[in-house]
1. Between the DSSP loop rule and a limit of at most 16 other Cβ atoms within 10 Å, which chymotrypsin sites (Phe, Trp or Tyr not before Pro) in region 289-351 are left?
2. Can you tell me, using C-alpha contacts under 8 Å and at least 6 residues apart, the relative contact order of the chain as a whole percent?
3. Going by alpha carbons, how many degrees (0 to 90, nearest 10) lie between the helix axis of 637-654 and the longest principal axis of the chain?
4. Scan region 137-230 for trypsin sites (Lys or Arg not before Pro) in coil per DSSP, keeping those whose Cβ has at most 12 other Cβ atoms within 10 Å, and list them by number.
5. Kindly identify region 217-278 as rounded, prolate or oblate by the Cα gyration tensor criterion: order the square roots of the eigenvalues as a ≥ b ≥ c, call it rounded if a/c is under 1.5, otherwise compare a/b with b/c, prolate if a/b is larger, else oblate.
6. Could you tell me what percent of the DSSP beta bridges with both partners in region 249-360 are antiparallel, to the nearest 5?
7. Based on DSSP H runs of at least 4 residues, each adding -39500 (n - 2.57), what is the mean residue ellipticity at 222 nm of the chain after dividing by all its residues, to the nearest 500 deg cm²/dmol?
8. Rounding to the nearest 10 and keeping the result within 0 to 90°, find how far the Cα-based axis of helix 8-18 lies from the longest principal axis of the chain.
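The values are calculated or read from the model by the stated rules, or taken from the named source; none is laboratory data. Note that the structure is predicted; figures quoted are calculated from it, not measured. When we count neighbours, we look across all protein chains shown, and the Cβ atoms used for this are built from the backbone with ideal geometry, even at glycine. Just the protein is used for accessible areas: all its heavy atoms, side chains included, with ligands, DNA and RNA removed. Shrake-Rupley method; radii C 1.70, N 1.55, O 1.52, S 1.80 Å.
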Amino acid sequence: MATHQFQTEVNQLLKLIIHSLYSNKDIFLREIVSNASDALDKLKYLTVSKDEYKQVRFDPRIDIFFDENKKTLTVQDSGIGMDEADLNANLGTIARSGTKAFLEQLEKDAQKDSALIGQFGVGFYSAFMASSRIDVITRKAGKTADGKFNPLYRWSSTGTESYDLEEIKADSEDAKCYGLDKEDAHGTVVIMTLNDESSEYASRWKVEELVKRYSDHIAFPIYLHYVQKKYDDKGKETGSENKTEQINSASALWKRPKSELKKEDYDNFYKTLSHDTADPLMYVHTHAEGTQEYTTLFYVPERAPFDMYQADYKSGVKLYVKRVFITDDEKELLPPYLRFVRGIIDSEDLPLNVSREILQQNRILTAIKTASVKKLLSEFKKLAENAKKEAPSDGKAAADKNAEAGKDDKKAAAKTAADIWNTFVSQYNRPLKEGLYSDFANRDELCEIIRFKSTAPEGTGDNKWTSFADYVQRMKSGQKAIYYITGNDEQNLRNSPLLEAYKAKGFEVLIMADEIDDIVFPSLGKYKDFDLKAVNRAGSDEELGVDKKEAEKKEKEFKPVTEKIKKALGDGVKDVHLSKRLSDSPSCIVVDENDPSLQLERMMKAMGQAGLADVKPILEVNGEHPLVASLKDCEDEQRIADVSGVLLDQALLVSGAELKDPADFVKKLNRLLTK
């Protein structure tokens, strides 16, 4: 027997679990049964796609045993099984990037983030909530390289810092007890010795209740083994008999008619599929017949997956062919901007032995993907329309009704259409924006779904968002463009001096504070017949109503001042102009129409493109401001340099940029304050 140390992250996770990380202990059985189902799915696929597995006996089933006296609960499957390498990889380590950040997030608010543990793919460890010890006996299906059947292994741990792993003989009592003594037998047995607080799980009624609640739609039969006592007509016990009973429906929920299914059915299946503890925000169930026949069942989680912004995010969609599981690791099933979607695609037309390479260029799957994206976007659009139909008073009435009727009834606290839409926007607006850049075919549809903050009341405040369509309806008569400002902080953008003239003229400006906005919206260019113009770019001030001849006259008169400032700043700026858009602030910066924004430059450098030349901003100054006007007759070069530097640096600070030399800025400011 060899003793192995758990990976550091596993140790941390186990400590969190053992100290009541989960608010709902019941779900540990769901996690173990779900793992058993996955093992059966994998073997089912291999027996139809790989020659070396076609002779493997496949009798799919999950068996559950319990012993009230010994306080044990056992789950056995006839799936793929594990060898020594699999046991070390699957039960000794967490081979996922972002593990450290994930664990830190859990430790900050264990109750709030407990739902994430299942999504992270480590649900097996949840069994330690209810167990003082876990033993795993397993044999991998198939044969070794030398033609022999795979050996049997036992993995054991008490959930502390280590686990024991040993090879056991086929004629051992453990092997015989679970039918693994035959050479061609395979699968996994998880034996949980329950702790004192969890003895209730070693009972027929508790197990049956949990399986029916959480795992009824597992596509393989789940059998419960129990001892039933016999009584005579006087109630006296006369004996007992061993019984085995199937306790789940074992049908693929997504194949059943929608008319047979209730919301509760969909919600429970989602929890099994995603390992989430919360109900989904929405689901979309579609069955298509015609040129191609397929079924899809998609879910949108209430909370964004923790790895949504990681490059190696895990796909949330499983592919089946004629109910045979094919893969859950194919990111091409949906476009990356829909990576938050969970669900099932089941095709009747794909070949069972389809490979990953074939998947990526298969016309059937391409057609399913195209139709699925259009269906999802259509449903997202309906969410927005339903929220819009629900007048504020209606939403308040619904909320009041729920509050009154649902003090002790969770079902009564149903979310309003506005609640669902606001949650959707707050969680998924950003990834959907990526689609504007990457999915040209669905760009118009995405433009109707994506939402923005705005300088208008309709886009200001919590849960207040506006759309391109709403913006256009509010546009001033004769307005030719949709104006927006980009940056990395909403409040900074709202206070930007760049907005002064637009507000004064009654132009609404969209507030875009996501990092990717600087990439997405310049590439979009237009919404219907309206140009998109960034107010922090040169050339976006044409509609501000400034008389061109008057502006040219002022520019000419003020040229000596702008030349003084430009000379003082040297290579620090691309140019200095008299501003048409400032009314109160002394200065602001914009970038040339052909240059990347300062935020985009920072983002590109953070991504490793350090060799990029610095973007030089254009400094715009307000000729009416006393600080700027004071330079008109000034010949003191030190003062000109100090004022010019402060004008540029404060404009950079207001835009959210970092100063290259903060100490120099402070010196200039102090010199001006003491004069």
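1. Answer in residue order: 309.
2. For the chain, the relative contact order is 9 percent.
3. The helix 637-654 is inclined about 30 degrees to the chain.
4. Counting only loop positions with at most 12 other Cβ atoms within 10 Å, the trypsin sites (Lys or Arg not before Pro) in region 137-230 are 148, 169.
5. On the way: a/c = 3.05, a/b = 2.82, b/c = 1.08.
It is prolate, given that a/c is not under 1.5 and a/b is the larger ratio.
6. 75 percent
7. For the chain, the value works out to -11000 deg cm²/dmol.
8. 70 degrees
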